[in-house]
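Down below is the structure, laid out as structure tokens.
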Amino acid sequence: MADLRAEPPAAIRTGTLGAVLATGLLSMLLLGDGLALNLLIVALPAALAAYFAAEQAGRRPRPWTLVWAIGGLGLLAVPALRDAAWPSFLAVVSAVALGSLALHGCRTWPGVLLGPLGLFEAVVSGLGWGWHGVRSRASGSRSGPVLRAVVVTAVLLLVFGALFAGADAAFAGLLGDLLPDASVGEGPWRLLLFAAGVLGALAAARTAAAPVRWDRLVVGPGRERSRVEWALPMIVLNVLFAAFNAVQLAVLFGGYDAVLEKTGLSYSEYARQGFWQLLLATLLTLVVIVLALRWAPRGGARDRALVRAVLGTLCALTLVVVASAVRRMDMYVDAYGLTRLRVSVVAVELWLGLIVVLIMAAGVWGARWLPRAVAASAAAGVLAFGLLSPDGLVAERNVQRYEDAGKFDLEYARGLSADAAPAIDELPEPLRSCALEGIANSLGSERDPWYATSLGEARAREIIEERPPTAGPGDCEDSDREVSYR
């Protein structure tokens, strides 16, 4: 690990300390009521602290650094737009990964995969780095007395302000107009959020000042195999893929009835039976390609041509498998409707297909850009997934299915997030009220502050307030019995 470390970071500058303090204060004031636009607001001063630290260390932002930084901040807009927790969680995790790439500047597979570990290491080292900077400024600069006075004043205001707010409701109301929360019971939680914000911003700044050089990790090539030992299994696998794809193409162009009659399966059973196996086959194919490249013969131009031909054919055949898997899921959705799981696995399958295309391009133009391209495609997919509003898409597809076939899973619709409200609002009564009732109950009567309210939640509340659900329990039971399906 000693070879991976950069030079010790330069002393922390005043601007970095100010941005770190701003991150902690915003975390304390905004993050206690939920995650929405506040997450993006808190991330901005943390990014500014990292920029100041990198500038102090002589690091200049490169084009890929800007791509990762802008992409990470863009991903944090998903919680501000969508009420559903699962696309927001994916967006936040992806934003952390892109932030790691921006701070470390990695371009190899070890760097892309291991970079986020550097952020965890910087939490400890960043705390000491920041404390040393505060002490040096407090004791050896003209601003030391002012800095100490500001810190003491802030502590006194926080402690006694919280105590007085808990002792008198009128005073708490006065503070409530100025601050998001003035409850003494929230004090420990707010202090924890402040500490988390400071530690996170310090870790980002410390990493930007002296990142771990993950790109120095070198993975040696595997033992070279002979042409026969390497090519024979791969060629046989290609033949198997070709045979399977030939059957899929025959079925695709009008052979469904014959296949279903021969197998004894229904239309939906045939679709459901194959999708998961094809998804696993796509994943395993990527593993096979990685291992094949590691053990491929490397004797000269003829060996390189053999590897490109065999693996290029396998990639092309894999794309047909991806198309078949997506088609099967489309058949299953036609029969049983769209769900969160189904839209998620289709998105994963499409992304795997894109990875295969990138591997094919790397075989032609070289693979130096491949790690960053894969990371960028994953982040772009997560961002598109969040902006698409999967819960809204599920509701739209199932409402359309109800209009076409008269089938609607009311119980499932009740469990969707507020993002589904605009589509559910198009249903006829009493089905509309029965479905919206579950969303209204999940929202509750209390409104979160503006910075903790997503656009999806705001739209749902507007719909519910304009046309409140009116169906009674008996109406919902009748609707469920008439149109529910399993």
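Here are some notes:
- Members of the range 416-432 found to be at pLDDT 90 or above and crowded, with 16+ Cβ neighbours inside 10 Å, listed by number: 416, 417, 418, 419, 420, 421, 422, 423, 424, 425, 427, 432
- Members of the range 28-41 that are surrounded by fewer than 22 Cβ atoms within 10 Å (Cβ to Cβ) and assigned to a helix (DSSP H, G or I): 29, 32, 33, 37, 40, 41
- Restricting the range 87-107 to residues that are modelled with pLDDT under 90 and surrounded by 19 or more Cβ atoms within 10 Å (Cβ to Cβ), the residue that is nearest to residue 48 (Cα to Cα): 105
- Filter result for the condition that a residue is in a loop (DSSP other than H, G, I, E, B) and modelled with pLDDT of 70 or more, over 180, 221: 221
- Residues (in a loop (DSSP other than H, G, I, E, B) and within 13 Å of residue 82 (Cβ to Cβ)) located in the range 390-426: 416, 417
- Taken together, the residues in the range 42-84 that are assigned to a helix (DSSP H, G or I), open to solvent by 40 Å² or more (accessible area, probe 1.4 Å) and closer than 30 Å to residue 340 by Cβ amount to 4.
- Considering (1) over 24 Å from the mean Cα position of the chain (by Cα); (2) open to solvent by 20 Å² or more (accessible area, probe 1.4 Å); (3) among the basic types (Lys, Arg), the lone condition that residue 397 does not fulfil carries the number (1).
- Filter pass, residue 229 being modelled with pLDDT under 85 and acidic (Asp, Glu): no
- Qualifying residue in the range 393-403 (condition: in contact with an Asp or Glu (Cβ under 7 Å, 6 or more places away or on another chain), modelled with pLDDT of 90 or more, within 28 Å of residue 334 (Cβ to Cβ) and small (Gly, Ala, Ser)): no
- The residue pairs whose first member lies in the range 444-459 and is assigned to a loop (DSSP other than H, G, I, E, B), whose second member is of a type in the set (Val, Ile, Thr) and open to solvent by less than 10 Å² (accessible area, probe 1.4 Å), and whose beta carbons are closer than 7 Å, counting only pairs six or more residues apart or on different chains, do not exist in this structure.
- The range 113-136: number of residues that are within 17 Å of the chain's Cα centre (by Cα) and surrounded by 23 or more Cβ atoms within 10 Å (Cβ to Cβ): 1
- In the range 433-475, of all residues being aliphatic (A, V, I, L, M) and more than 25 Å from residue 77 (Cα to Cα), the one that is surrounded by the most Cβ atoms within 10 Å (Cβ to Cβ) corresponds to 435.
- Residue match in the range 307-321 (condition: open to solvent by 60 Å² or more (accessible area, probe 1.4 Å) and under 27 Å from the mean Cα position of the chain (by Cα)): no
- Residues within the range 332-368 that are touching a residue at least 60 places away in the same chain (Cβ under 8 Å), outside any helix (DSSP H, G or I) and open to solvent by 40 Å² or more (accessible area, probe 1.4 Å), tallied: 1
- Scanning the range 203-212 for residues that are assigned to a helix (DSSP H, G or I) and open to solvent by less than 10 Å² (accessible area, probe 1.4 Å) yields 203, 205, 207, 208.
The values are calculated or read from the model by the stated rules, or taken from the named source; none is laboratory data. Keep in mind the model is a prediction, meaning the values are calculated, not measured. Glycine gets a Cβ as well: all are built from the backbone with ideal geometry, and neighbour counts include every protein chain shown. These area figures cover heavy atoms from the full protein model, side chains too; ligands, DNA and RNA do not enter into them. Shrake-Rupley method; radii C 1.70, N 1.55, O 1.52, S 1.80 Å.
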